Each structure stands twice: as structure tokens, then as C-alpha cells.
Amino acid sequence: MWQNTDRTRNIGIIAHIDAGKTTTTERMLYYSGHTRRIGDVDEGSTVTDFLPAERARGITIQSAAITFNWPPQVDSAEDVKTAEAVASQSLPRSTLSHRINLIDTPGHADFTFEVRRSLRILDGAVCVLDGVAGVEAQTEQVWNQAADWKIPRIAYVNKLDRDGAAFGQTVREIGVRLGGWPALCQIPWFEGGRGNFCGVVDVVNLVGLKYASGGDGKSITTYNMTHLEAEEPALAQELRKARAALVEVLSEHDDAMVEAFLDAEEDHLAITPAQILSCIRQCLNAGDGKVIPVFAGASFRNIGVQPVLDAVNNMLPSPAERPQAEVSIGATTGYLDDLLAGRMIVHSSTKSKSSRQAVVPVVGIDKTLKGCALAFKVVNDSRKGMLVYIRVYSGTIERNALLYNTNLKQSERATNLLRMYANESVPVQSLEAGQIGVIAGSKYARTGDTLISCATNKAVPPSPLDQLQLRPIHVPPPVFFASIEPNSLKDEKDMHDKLNLLLREDPSLHVTQDEDTGQTLISGMGELHLEIARDRLVGDLKANATMGKIAIGYRETVTQTSRSNSKIFDSSARGDAKGKAGCTAAVEPYRSRTLMDEHSDNALQHEQDGNLVIVEAPTLDRKGRPLDDDCVSLPGHLTLNEVQSAFTNGALAALARGPGFSYPMRNVQVTLTLDPAKHIFGSDTSYASLTAAARLATIAAFREVSSMGGIAIMEPVMNVDIGADDASIGSIIQDISSSRGGQIVSLGDNEEAEANAQAFPREIDVSRIYAPKDPFEFGSSAGLDQQVNKQRSIKAKVPLKEMVGYLKHLRSMTGGRGTFTMSVDRFERMTGQREKALIAELRGGA
Ligand SMILES: Nc1nc2c(ncn2[C@@H]2O[C@H](COP(=O)(O)OP(=O)(O)OP(=O)(O)O)[C@@H](O)[C@H]2O)c(=O)[nH]1
């Protein structure tokens with residue numbers, strides 16, 4: 001029965017920090033019967049925030065995936081009649097128990113990359129909003145990220161029990177700031193219109209749901225229309241308005257609703273819930289966010305959570321209803337189903353000029369590929385070992401299958417497959433397409449890796465399957481770093497083992513070793529990101545290590561071109577085991593992709609971290625054979641590919657540490673040239689010695705440029721998105737543009753509304769959005785709602801250096817209400833006073 005993909009939902013909860021994701025998740029687990037007691041975030045006892053570092057901070061750092069059934073599974077054999085009724089739409093899907101795989105996404109701006117990474121495996125999302133704060137900067141950001149993956153989304157306005165809760169205002173903000181039409185599926189029920197928040201009114205089913213005050217939310221009194229008319233006539237009146245508005249919004253986006261309306265003789269109330277649900281599903285499936293179903297509640301007061309769960313079943317798609325997943329093979333991108341059907345044309349991965357044109361449709365993959373999955377989270381569990389959370393995209397992953405990791409180019413067996421529930425894990429024999437589960441005890445897989453199982457059952461799958469990547473994403477460059485030192489020599493190995501664990505969990509952390517000083521550096525996306533890494537390493541994993549001061553990760557670049565620098569590496573000169581090789585290197589500024597045609601036929605290009613490494617071998621052909629008889633050939637134990645890879649690695653090692661201030665290099669083109677007559681010394685030349693020679697030659701080229709004064713510093717410039725009340729906007733703009741040297745890109749709601757209006761003509765006219773009055777609006781003059789809690793947003797580009805400690809400053813400028821998010825826009829060369837001041841600071845601090 002549970003093989004049924006139609007009854008699976010892979011959903012995430014997305015939100016601004018503190019909107020109530022964890023509180024809502026805990027209630028979901030409680031109602032589904034997976035926890036006995038409602039976990040309380042403030043007490044630090046929740047299931048989803050299970051890392052101690054998360055508990056201490058009260059925020060969700062890592063996405064946890066939890067499976068539960070909603071409605072709770074009944075023991076008796078499934079009622080076939082019910083299933084038939086659901087299939088014929090005479091009963092809603094929520095009548096049948098569904099397996100919900102819930103991915104809790106992190107809420108802090110430092111983790112937007114982690115959010116992106118976990119979002120890509122979702123089929124649907126619930127966006128939790130704080131009903132007092134409305135749409136916040138990060139709500140918008142994460143909403144847009146979900147839009148990038150075309151994820152169907154519903155909105156849940158939480159915290160409606162709080163003073164100043166503004167459901168109507170939040171609905172209007174949803175329209176304007178999230179750029180879609182709110183389709184109100186519920187309106188809040190305040191006692192007597194303006195008293196306590198006591199329940200919700202269901203606009204789809206035309207019933208009021210009143211929650212017993214102070215209870216666990218399981219005791220709900222249902223009021224039908226007649227009952228409501230008698231007891232709460234004003235609310236019944238509002239419900240009629242809400243139903244008309246819902247039908248109108250849906251009619252604008254789906255002709256089926258227009259027909260239903262005409263069939264119902266233009267009576268909004270006569271349209272059936274099944275017709276409405278089917279239409280909402282239709283609108284949501286596009287993933288364009290043009291229609292946004294809205295729900296209301298107060299999770300903390302146990303009001304409104306079960307209807308959201310019903311909506312997950314009724315409105316959000318099953319894995320089978322989603323469009324196919326994007327894949328890449330080498331430089332070619334396409335869709336998984338096309339690849340399986342042999343419709344994808346794969347460009348050869350070798351970047352050499354001639355083979356670039358060799359494109360071949362790959363056929364027969366469907367027979368070879370037994371299953372493919374994406375590892376979306378890795379957690380080190382003290383009892384079960386490494387847990388690798390996977391989502392299966394096609395076929396089946398069987399227990400004991402040999403899984404090839406296309407990122408690491410390594411195989412391992414999935415000896416232990418589990419499904420994770422809130423408080424237990426259950427071993428399973430297999431996981432099918434659309435399912436989420438865990439490989440326990442995996443030794444290598446990291447977050448983000450693609451795992452495939454092949455019928456050949458060989459250690460390496462046939463080409464091009466060995467390059468298959470599911471939903472590949474771009475990893476942003478790290479902009480903060482710190483040194484990390486073991487407390488004593490004997491702690492060093494243990495520290496490195498634990499750092500490796502950390503890197504498997506979070507590949508957006510980077511660890512590098514300075515070859516000259518031996519110092520270990522850890523870099524990441526933000527200050528908090530590194531602080532958490534430290535807490536995790538020292539606090540949770542108990543490494544005896546100390547992290548140094550967190551600093552900005554500047555980059556160095558070259559502004560001039562070097563001559564060719566040749567170096568011979570000879571390990572016997574250092575008394576080491578034998579190894580001798582040479583290399584010639586030249587460096588120059590690199591701005592955009594260099595045209596391959598300018599280089600020799602067999603040149604290899606490797607682009608990484610904004611740099612380009614080119615390896616040329618002008619005297620050899622593509623297969624590494626001498627072009628004519630005078631040319632020296634490669635020795636039997638080395639192929640051209642190996643030499644090129646060794647050279648590339650040498651250049652990358654040199655690029656990791658600039659000549660001026662030891663920052664990584666950026667925007668540099670390194671051209672390495674191999675001349676076998678000068679660089680190869682028979683059997684003395686090994687892969688390692690070639691790497692060392694390439695590194696030395698590249699460093700020599702950097703030194704030459706440095707001696708000409710041709711090294712400059714680059715700084716990260718951030719895209720900053722600030723949300724604040726109207727009243728604070730002036731001082732924020734002043735501060736950003738004059739004190740911080742930032743550039744304002746866009747301002748406030750008005751421009752956004754205009755931009756939206758241009759993007760979707762005829763849409764999102766705030767005056768056309770239906771929303772019930774908020775309690776505090778009763779008796780006040782019209783138009784007050786437009787001023788209450790009016791949030792504006794400012795988008796700016798600001799150097800990262802000027803943003804350090806900004807949150808505190810923003811809070812003090814906005815009476816604690818301002819929020820912001822940021823992400824790397826680019827690295828920019830520093831000049832003039834800024835550069836001088838930084839150099840003085842760096843020298844002073846050295
Ligand atoms: N009054 C009220 N408070 C709520 C409600 N839901 C959540 N809260 C409180 O809001 C705070 C934040 O809730 P969380 O559930 O931790 O929010 P979150 O979105 O998971 O936060 P992060 O994990 O930090 O992103 C906690 O103090 C909750 O008790 C609600 O419905 N009403």
C-alpha cells in the first residue's frame with residue numbers, strides 16, 4: 001500500500017527566522033501520533049531541532065527529514081471504497097492516510113545555501129508567516145528560492161493569537177511582496193469579531209472550526225453555515241465574501257472554475273469543495289506562485305495545524321505529479337526522463353576543441369540505471385553512525401545495492417536502509433522513486449552527492465552514467481574564514497577526522513591547509529556559519545581544538561601578465577624519495593571564458609573559483625603522441641590526461657594562496673605548458689612531482705607579477721535585502737549609502753509593486769486583494785490598514801566589510817524590528833583609500 005507514490009508528500013516548511021516553523025512541525029508530529037507530548041521550542045525539547053547547538057540558539061540550523069502519516073494510519077485494512085471515492089474526487093484526498101516526508105529547512109540568512117540545497121528535493125512547501133510581522137525579508141528570499149525550483153507553495157499565517165496580529169495586512173503583503181494572488185482558504189475566527197483568536201473558518205468546506213480554549217488542539221467544534229449564521233452572523237457574512245473572493249481568484253487562473261461557477265448558476269456557495277480543490281491543485285502545480293492558498297492559525301495555541309496538514313494532502317502534489325528532475329552529464333543539462341528515454345544528447349565531457357562537437361544521444365540507460373538518488377543531508381548520529389538522507393528520483397535503491405557516487409567517483413554498499421520517524425527509525429528493504437529515506441553507516445557520501453545503482457553492478461558504471469548529476473547547484477564562494485588549531489599535537493589527527501565529518505555534513509564549509517605554515521583554515525558563508533561549525537566541532541564532536549578570530553575572506557588577483565616561468569621540481573634535492581618533473585607557467589588577469597579556439601587542439605581547461613587553468617602540450621597530439629619525429633614522447637607510465645590533471649592540481653594549489661597576503665587568488669588565468677623534452681625525466685617523473693612542479697612554476701609567475709606591483713586585493717560585495725518599518729527607511733538608506741559605501745538598488749513596496757505589475761500585467765493590484773478586516777481595524781477610519789505595520793524593503797549592494805556587525809546596528813536604528821539577509825554578489829577589486837586602509841590593517845594585525 002505504501003508503495004503508492006500518489007500518497008506521498010515530500011514537503012518543506014519555509015519561513016523567516018522565528019516565524020514558528022519548529023513550533024508548527026512539533027504540532028504536526030503530535031497530531032500524527034508520532035510524539036506523545038507537544039515539544040516546546042522555548043524549553044529546548046523539540047524533535048526537529050535535535051543538535052545541541054540548535055537547541056541552545058533556538059533556531060533550526062540543519063534540515064531534518066522526518067516521516068509521518070497524516071491522517072494517522074488506521075490499523076484495519078484500507079477501505080477500498082474510500083480509495084475509490086478519493087480517486088473519483090467525491091472525497092478529498094485527506095480522507096486517506098498519506099506518508100508525509102517533512103524536510104525542516106534552516107531559517108537563518110547564513111544558511112540560505114543550505115535552504116536552497118534542501119529545497120531542491122521538495123515537491124511542495126508550506127511557508128509559515130508571523131501574523132504580526134507579516135512578510136519579512138527572508139520570507140521573500142526563501143519564497144523566491146522555492147520559486148526557482150518551481151515548488152508549489154501554500155502560506156500559513158501563524159501567531160494570530162498575538163496582540164497586533166494582522167491577518168488582513170499580511171494577506172495584502174503576500175500579494176504585493178510575494179507577487180501572487182492570495183487565495184484565502186481560511187479566515188481567522190476572533191471571538192465576537194475582535195476578541196481572542198479561537199479558530200478558523202474554512203472557506204473551501206464552508207465550516208467554522210472552533211478550538212477548545214487552552215487544549216491540545218484535538219477538541220474542535222465544527223459549525224456549519226446555518227450554525228454560524230445563528231451564532232456568529234458577522235462571521236458567516238465574512239465567510240460568504242471570502243468564498244466569492246476565492247472563486248473569483250481561481251476563475252482568473254483556471255477556466256474550469258469559470259465553468260463550475262456557471263454550472264452552479266453563479267452561486268459561489270454552490271461550487272463543491274472537490275471542484276475548488278481540483279482547481280487549486282491545477283493552479284499550484286505550475287509552481288509559478290501566481291495563486292497562493294492562505295491558511296490561518298496559532299501553532300503555539302494549537303489552533304489551525306490539522307487543516308494545514310489536510311491541505312498538504314489535498315493541494316500539494318505527489319512526487320508523481322511533479323515535472324521531471326533536471327540532470328547534468330558533464331557540461332550537458334537536461335531532464336531525467338529524457339535521459340532515461342534516450343532523448344538526451346550528451347556532449348562529450350572532454351573540453352578539447354574537436355571532441356566538443358562529438359555529441360551522442362545516449363540510449364539504453366533505462367536498462368542500466370536501476371536507481372538514482374540525491375543525498376540531501378548527512379548527519380553524524382552518535383548511535384547509528386553516519387546517516388545519509390536521500391531522495392530517490394528514479395527506479396529503486398535496494399538494501400545492499402552497490403551505489404556509485406558520481407561526485408566522489410567512488411562506490412559503496414547501502415548495507416542499511418532506514419526510514420526515519422520522529423522517534424524511531426525503521427529498516428526497509430528498498431526505497432522507490434519519490435521516497436525519502438536514510439542510508440545508515442555510509443562511509444563517504446556527502447550532502448549534495450548523486451548516488452546511482454546500476455544493473456552492471458560493477459564498481460564504476462558505464463560512461464556517461466558515471467557523470468550523472470541530479471539537480472546540480474552552484475555553491476557560492478565562502479566569504480569568512482578562521483584558523484583552527486588542535487590544542488596539542490596528539491589532537492591533530494582527531495581534529496582532522498572530525499573536520500572531515502563536518503565537511504560531509506555541510507559541503508559549504510571549506511577546509512584548507514596552508515602548505516607553508518601548516519595552518520588549517522576553515523571558511524564558510526557567514527560569521528554565524530563558522531560559529532556553528534565551531535560549536536559543532538568543539539561542543540558536539542568534542543574535538544580538542546581552538547578556532548581563531550573569524551575574518552573576511554578577501555581574494556587576491558593579478559593586474560599584470562607574467563612571462564613564462566619554468567621550474568624543475570627535484571625531490572632528491574630534498575633527500576625525499578625520487579621524483580623529478582618540470583613545468584612552465586604564465587599568469588594573467590582572467591575576466592571571462594577564454595575561447596578554446598585560441599589554444600592548441602589538446603589543451604585542457606579547468607575553471608574553478610573564478611580562475612581558469614589551461615594546460616597545453618603543443619608538441620603532442622590529442623592522444624599524447626608526438627606530433628612529429630623530432631618531438632619527445634611521454635614515458636609509458638604516464639598518459640597526457642594524467643599529466644594534465646597533475647598540472648591542474650599544482651596550479652590550483654598555488655591559486656589557493658596568493659603572494660601578497662595569503663588570500664586565495666581570483667580572476668586569474670594560469671597557462672601551463674608541457675614540453676616533454678624539458679619536463680619529463682623518464683621513470684623519475686611521477687604524478688606527485690608533476691603537481692609539485694606546476695605549483696612551483698605558478699608560484700614563480702605570481703612572484704614575478706608581485707615584484708612588478710601587479711597584485712591587488714578583491715573584496716566580497718554582498719546583495720543585501722533589508723526589511724524595516726516605513727519610519728526607519730530614511731536613516732537606513734542614509735547609513736547604507738554614505739557610511740557604508742553601499743549602492744541602493746531598489747526601494748520599498750511601491751517600486752516592487754510596479755516591477756511586479758510589469759512582470760505580470762493586470763496582476764497584484766493591492767486594492768483588488770480580498771482580506772477580512774483585522775480586529776483592530778473595527779471602528780477605525782478606513783485606510784488605517786495600509787499604515788499599520790507597513791514594511792518596506794531596501795535592496796542594496798554593499799561591501800561585506802561594511803556589513804560586519806550590521807544586525808546590531810540595524811536593530812538599534814529600527815527599535816529591534818529591522819531584519820536583513822545577504823548573499824555574495826561578486827568580488828570587486830579594491831582601490832584607493834579602501835585598499836590602503838585594509839593593507840595597513842592587515843599589516844598591523846600581522
Ligand atoms: N504567541 C505565539 N508564539 C508563537 C507561535 N508560534 C511560535 N511562537 C513562538 O515564536 C518563537 C519562535 O518559534 P519557532 O517555532 O522556534 O520558530 P522557527 O521559525 O522554528 O525559528 P528558527 O528555528 O529559529 O528559524 C518561539 O518563542 C515560539 O514559542 C504562535 O502561534 N503564537
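The values are calculated or read from the model by the stated rules, or taken from the named source; none is laboratory data. All values derive from a computational prediction rather than experimental measurement. Here the Cβ positions follow ideal geometry from the backbone for every residue, glycine too, while neighbour counts run over all protein chains shown. These area figures cover heavy atoms from the full protein model, side chains too; ligands, DNA and RNA do not enter into them. Shrake-Rupley method; radii C 1.70, N 1.55, O 1.52, S 1.80 Å.
Below are the figures for this structure:
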read-out: Angle between the chain longest axis and helix 748-759 axis [Cα atoms, degrees, rounded to 10]; value: 90 degrees
read-out: Sites Ser738 and Gln89 - FRET efficiency at Förster radius 60 Å, r taken between beta-carbons, to 0.05; value: 0.50
read-out: Highest to lowest packing among 159-167, 301-309, 384-392, 824-832, scored as the average C-beta count within 10 Å; value: 301-309, 384-392, 159-167, 824-832
read-out: Whether the range 560-707 is rounded, prolate or oblate, judged on the alpha carbon gyration tensor where a/c under 1.5 counts as rounded; value: oblate
read-out: Full-extension gain in nm, Gln73 to Leu747, via 0.36 nm per residue minus C-alpha separation; value: 237.7 nm
read-out: C-alpha long axis of helix 137-148 to longest principal axis of the chain, angle in °; value: 70 degrees
read-out: Among Pro772, Gly710, Asn4 the positive-end extreme of the charge dipole of the chain (Cβ point charges); value: Gly710
read-out: Calculated FRET efficiency for the pair Tyr687/Ile345, C-beta based, R₀ 25 Å, to 0.05; value: 0.15
read-out: The range 326-470: relative contact order as a whole-number percent, Cα under 8 Å and 6+ apart; value: 27 percent
read-out: Beta bridge orientation in the chain: antiparallel %, DSSP, nearest 5; value: 80 percent
read-out: Ranked by how many other beta carbons lie within 10 Å on average, peptides 807-815, 520-528, 452-460, 123-131 from highest; value: 123-131, 520-528, 452-460, 807-815
read-out: Point-to-point label distance, Asp726-Asp338, nm (Cα→Cβ direction, 7 Å offset); value: 4.8 nm
read-out: Summed side-chain charge close to Ala543 - residues other than Ala543 whose Cβ falls under 12 Å, Lys, Arg +1, Asp, Glu -1; value: -2
read-out: FRET efficiency, Glu841 to Ala677 (Cβ-Cβ, R0 41 Å, nearest 0.05); value: 0.30
read-out: Extension gain, Thr559 back to Val804 (0.36 nm per residue minus Cα-Cα distance, nm); value: 85.4 nm
read-out: Entries in Lys542/Lys808; Lys159/Lys241; Lys21/Lys290; Lys370/Lys409; Lys377/Lys549 that, when Cα-Cα distance is taken, lie over 20 Å; value: Lys542/Lys808; Lys159/Lys241; Lys21/Lys290; Lys377/Lys549
read-out: Dipole-positive endmost among Ala236, Thr82, Phe300 within the range 5-321 (Cβ charges, Cα centre); value: Phe300
read-out: Cα gyration tensor shape of the range 5-321, rounded if a/c is under 1.5, else prolate or oblate by comparing a/b with b/c; value: rounded
read-out: Virtual spin-label span in nm between Ser488 and Arg162, 7 Å along Cα→Cβ; value: 4.9 nm
read-out: Sparsely packed GluC sites (Glu not before Pro) within the range 166-243, loop by DSSP, other Cβ within 10 Å at most 11; value: none
read-out: Burial order of peptide ranges 469-475, 290-296, 651-657 (average beta-carbon count within 10 Å, highest first); value: 290-296, 651-657, 469-475
read-out: Neighbourhood charge, 14 Å Cβ-Cβ cut-off, centred on Val798 and excluding it, Lys, Arg +1 and Asp, Glu -1; value: 0
read-out: Percent of C-alpha pairs per 10 Å bin, the chain, short to long; value: 2, 11, 19, 23, 20, 13, 7, 3, 1, 0, 0
read-out: Test item: Cα-centred dipole of the range 326-470, Lys/Arg +1 and Asp/Glu -1 on Cβ, debye; value: 400 debye
read-out: Spatial separation of Cα centroids for the range 126-176 and the range 388-449, in angstrom; value: 34 Å
read-out: Rounded tilt (10° steps) of 640-655 against the dominant C-alpha axis of the chain; value: 70 degrees
read-out: Accessible area expressed per residue, the chain, with surrounding protein chains retained (probe 1.4 Å, Å²); value: 41 Å²
read-out: The chain - charge dipole about Cα centre, Lys and Arg +1 at Cβ, Asp and Glu -1, debye rounded to 20; value: 2160 debye
read-out: Residue among Leu402, Gly180, Phe190 farthest towards the positive dipole end of the chain, charges placed on Cβ; value: Leu402
read-out: Within-13-Å neighbourhood charge of Glu515 [Cβ basis; K, R +1; D, E -1]; value: 0
read-out: Whole-angstrom gap from the range 650-712 to the range 535-587, using each part's C-alpha centre; value: 10 Å
read-out: In sequence order, calculated HN-Hα J values of the range 497-505 (Karplus, 6.51, -1.76, 1.60; Hz; x Gly/Pro); value: 4, 6, 4, 4, 4, 4, 5, 5, 5
read-out: Sequence-separation-based contact order of the range 480-552, relative, with Cα cut under 8 Å and 6+ spacing, percent; value: 51 percent
